[in-house]
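Read the figures in this text as sums done on the coordinates, not as results from a lab. Please read these numbers as outputs of a predicted model, since none were measured by experiment. Positions of Cβ are generated from backbone atoms using ideal geometry, with glycine treated the same way; all protein chains shown enter the neighbour counts.
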Amino acid sequence: MENRAIFPGRLLACLLVFPQLAVSLIFFYWPAAQALWQSFLVQDAFGLSTEFVWFENYVNLLKTPEYYHAIGTTFFFSLLVVFFSLAIGLLLAVMANRNIAGVQIYRTFLIIPYAVAPAVASVLFIFMFQPGLGMIARALQRNGIDWNPVLNGNHAMILIVIVAVWNQISYNFLFFLAGLQSIPKSVIEAAAIDGARPMRRFWTIVFPLLSPTTFFLIVVNITYAFFNTLGIIDTATEGGPNGSTSTLVYKVFLDGKAGSDLGGSAAQSVILMIIVVALTAVQFRYVEKKVHY
Amino acid sequence: MVEHRRFGNLLPHLVLIAGVIVVAFPVYLAIIASTHDNSVIANGQMPLYPGGHALETYWNTIMSGTGKTTREPVGSMLLSSLIMAVGIALGKIAISIISAYAIVFFNFPFRMATFWTIFITLMLPVEVRIFPTYKITSDLHMLDSYSGLILPLIASATATLLFRQFFMTVPKELVEASKMDGAGPIRFFFDTLLPLSVTNIAALFVILFIYGWNQYLWPLLITTRDDMQTIVIGIKKIIDVKDALTEWSVAMATAVLAMLPPVAVVVLLQRLFVKGLIETEK
Amino acid sequence: MANVTLRNVRKAYPNGFEAIKGVDVDVADGQFCVLVGPSGCGKSTLLRMVAGLETITSGEINIGGRVVNQVEPADRDIAMVFQNYALYPHMSVFNNMAYGLRNRGMKEAEIKTRVEEAARILELGTMLTRKPGQLSGGQRQRVAMGRAIVRQPKVFLFDEPLSNLDAKLRISMRVEIRKLQRRLNVTSIYVTHDQLEAMTLADILVVMNGGQVEQVGNPLAIYEKPATTFVASFIGAPPMNLMSTRQDEIKPQLGGSAVEAGILGIRPEDLAITDQTPSGGVALSLTIDAIERVGAETFVYGSRAQDQQGVATNPGELPPGEVIVRIPGTEAPAIGQKIRVAAVRNKLHLFSGDGRKRIEI
């Protein structure tokens, strides 16, 4: 950042950064600080008095089985979403990276899901999976599967995983494609001359060279599955049935909306913040690596 | 590569066609459903080709909505979404381009502190500070207002980082030449930097427009009045009936309308979109 | 029109590094001054200080009788051509040249006249509507010059303006710059690391090293009487051969007080293959290691039979003990051959032992 041609004018510089700083402080730092503060407080039932209780809210939180259930749900859900969206994205990108006719047309279709809001994506799939009238639900029922995501937790989980994967394919596809295109042709040609067949070339040359992209996408997809799927869950299952699709973020949302336990809800928020900080830190290790690469 | 594949390029085509079907089929089905009568859909007998009710469904949807669950015509939801999406995109671009300009081209006290303050907001997504943010917005009397919808979302570390990255590639001789040509910081910004940033701004606008249009959690909390509702929130309320009373044709027409602007932007401005997507993540 | 005077100019960075350690230069009105030196010698920094792009730690810069230390670049009445041209990529050639004039509130009609005049001089008339991206390197270079010309400044500053061009274009642009400067008769300061460019362009040459001026003067005078071993080996190609006067082979030939001097310098072109030793001159025995025949002339790289002790010089790439001899292309010695070369007395250069002082014989 050094060695720039610098303008004088401190006042102007301050005016220029003011709007962003103001918004950041009011809507980012202040609420985050509030959440942190509240996570150490307990309020009585009428909201009349508060007491500073150190980590009691956290301890209580870690005593509730529902919280562990939400952690389990989150990890299970994220694992499925990350794996399938990456695998499908990579497969499509490898195919689109071949020099074949109509790649532009395929790409145009494949980026559409990115533009669809998570909540709207949910609606599209609810329509297909609605017992009784949905095209796929009926097909499943005809084959003897009693498909009902409203009552069956596993079905609900399958539904939101499908929506989340569908919604995320475009992103992974585009990044994998960009990663593949940045691999020098000559390296692959050298491997071909060295006698490596296409499959072997992919696993011994292309995939290792793609690893920075893959690693980056894993982090981004975990973040996505943790945080950006709230719209999908709220629209498709509302965390049900019986909390079987309630992830950590969704639980914060539900508990906060109920508004009964301010401290506990704040403690949950703080734990989520720590997760984001950790994910961002990991992501930055990657960025640094890429610089040296 | 010169490779003598037995089936030529059959495999990639097959895989990509399968991918396109998976991706496009739900959208196609929504479009088809929006052209059929509710009763046809409700008994599960909907055909895979368009019906004849398109005009009437879309007219009703836009002008009056469902009448049951939301009293709001979808037309006004579209307007809310548009104002929010454009407001967020332009707001983010405006405040981040000027703050990046200050950080890269000015030397002022606490410059690095400012940079880090902006940078750390990356780690505070709205999902983890939902309710305190809601409380502050409500204390500032911004519930049910466009400023409440837009302002809390326009601080963007990613946009600032993107502009900072780009500004740092601007040769310093260009600044010096401007100085020699008698241009001060404000003139340099408008005469040189802004014109050079046009592609970046456009790419960023595409990404941020989609981001803004597809917001869910924040508008859900901040809008209580039906006439402030965005379409992404509205659609949830339309199908928010667990029984079979959902008016599916209206719901699907709403879904199509909700997808149309962002999908159109992505498809028509594909090059800018890809550039914006890849570069904001660097 | 103006003269430029630098008085004891210094530049120190906050980290303590002294980039310019007290420089005095006088450039008379209409003169073409070239700052030359190896990279990192401070020549660009000095130019940028004249331009007002770098602050001055101490000393005084005077342009046309006005001290400009605190004056903004735009108000110094100077124009600069940058190494990478720094053209505004989004503006047409016309607007690139007109921008500075518009910022000064000049009338459009006057701007048009000036730009068209500059375009005519630089043969850019047909390209005024193009963007820099559509031009070749040489054309961009001309636009950068045009941008300087239209301003009709008191002083032109050039920061290695030819280093991004290929060799052939560099030579033709060099000639053009010289012609243009003569024609406009504007005081110019030109920075380069290429000694050939420096020699051919300069009215007044400033050789810099390590933030200091080594020598100032007419290019040929500098070539003939380099003030230090640094200048001796930097100006002229291939560089001057330098050796210790105390070596057994040389000592008796020089004799007397000259031996005390410390370093003897002989230019490759002043050595000739001969068996005779000119009276008062110096003769050396060499074994030929390598030969470069370039047509009109031949360069012979030889190593001295005795006392391998040469003098390592700052930018001189010669390994100690190696001597370069320039002979006519018609002569054809062989590798491994033993020869004797000699130079006459008035072609010898003597320097103090630390190389910082020239000693007249």
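List of remarks:
- Shielding by partners for peptide B:107-117, expressed as the average number of C-beta atoms from other protein chains within 10 Å of each residue's C-beta, is 4.
- Bridges between two residues of the protein assembly as shown, per DSSP, are antiparallel at a rate of about 75%.
- Distance between modelled label sites at A:Val103 and B:Asp139, nm, 7 Å Cα→Cβ extension: 5.4 nm
- Remark on region C:4-224: hydrodynamic radius 17.8 angstrom, per the Kirkwood mean of 1/r across alpha carbon pairs.
- Three-way shape call for region C:1-74 based on the alpha-carbon gyration tensor, with the a/c threshold at 1.5: oblate
- Spin-label model, A:Ala258 to A:Phe215: label points 7 Å out along the Cα-to-beta-carbon direction sit 4.1 nm apart.
- q = 0.04, 0.05, 0.07 Å⁻¹, the protein assembly as shown: log10 I(q)/I(0) [Debye, one scatterer per Cα]: -0.31, -0.47, -0.79
- At 0.692 mPa s and 37 °C, Stokes diffusion of chain B via Kirkwood alpha-carbon radius, µm² per second: 149 µm²/s
- Reachable lysines from C:Lys251, criterion Cα separation under 23 angstrom, eight or more residues apart if same chain: C:Lys225, C:Lys338, C:Lys347, C:Lys357
- Full extension of the segment from A:Val187 to A:Val150, taken as 0.36 nm per residue of separation minus the current Cα-Cα distance, would add 8.1 nm.
- For chain B, the longest principal axis of the Cα atoms and the long axis of helix B:198-213 meet at an angle of about 40 degrees.
- The overall shape of region B:47-107 is prolate: from the C-alpha gyration tensor, with semi-axes ordered a ≥ b ≥ c, the ratio a/c is 1.5 or greater and a/b exceeds b/c.
- Counting only DSSP H runs of at least 4 residues, each contributing -39500 (n - 2.57), and dividing by the residue count of the protein assembly as shown, the helix-based mean residue ellipticity at 222 nm comes to -16000 deg cm²/dmol.
- Ordering C:Phe234, C:Gly302, C:Gly355 by Cα displacement along the dipole of region C:229-359 toward the positive end leaves C:Gly355 in first place; charges were set at the Cβ atoms of Lys, Arg (+1) and Asp, Glu (-1).
- Averaging the sequence gap over all C-alpha pairs within less than 8 Å and six or more residues apart, then dividing by the number of residues, gives region C:229-359 a relative contact order of 34 percent.
- For region A:55-292: rounded, prolate or oblate by the Cα gyration tensor [a/c cutoff 1.5]: oblate
- Kirkwood Rh in Å, taken over all unlike Cα pairs in region C:229-359: 14.6 Å
- Spacing of the two label points (7 Å from each Cα toward its C-beta) at A:Phe207 and B:Thr199, in nm: 3.5 nm
- According to the Kirkwood relation over distinct C-alpha pairs, the hydrodynamic radius of region B:17-59 is 11.0 Å.
- Out-of-range pairs (alpha-carbon distance over 30 Å; input A:Lys257/B:Lys92; C:Lys11/C:Lys131; B:Lys172/B:Lys275; B:Lys92/B:Lys172): C:Lys11/C:Lys131
- 10 Å Cβ neighbours from other chains, averaged over peptide A:269-276: 4
- Once the C-beta distance of A:Arg197 and B:Leu11 is scaled by a Förster radius of 22 Å, the resulting FRET efficiency is 0.95 to the nearest 0.05.
- Anchor A:Lys251: lysines whose Cα lies under 28 Å away (excluding residues fewer than 8 positions away in-chain): A:Lys63, B:Lys135, B:Lys236, B:Lys237, B:Lys242
- Dipole magnitude for region C:183-265: about 100 debye, using +1 per Lys or Arg Cβ and -1 per Asp or Glu Cβ, origin at the Cα centre.
- Test item: A:124-136 mean partner chain Cβ contacts at 10 Å: 6
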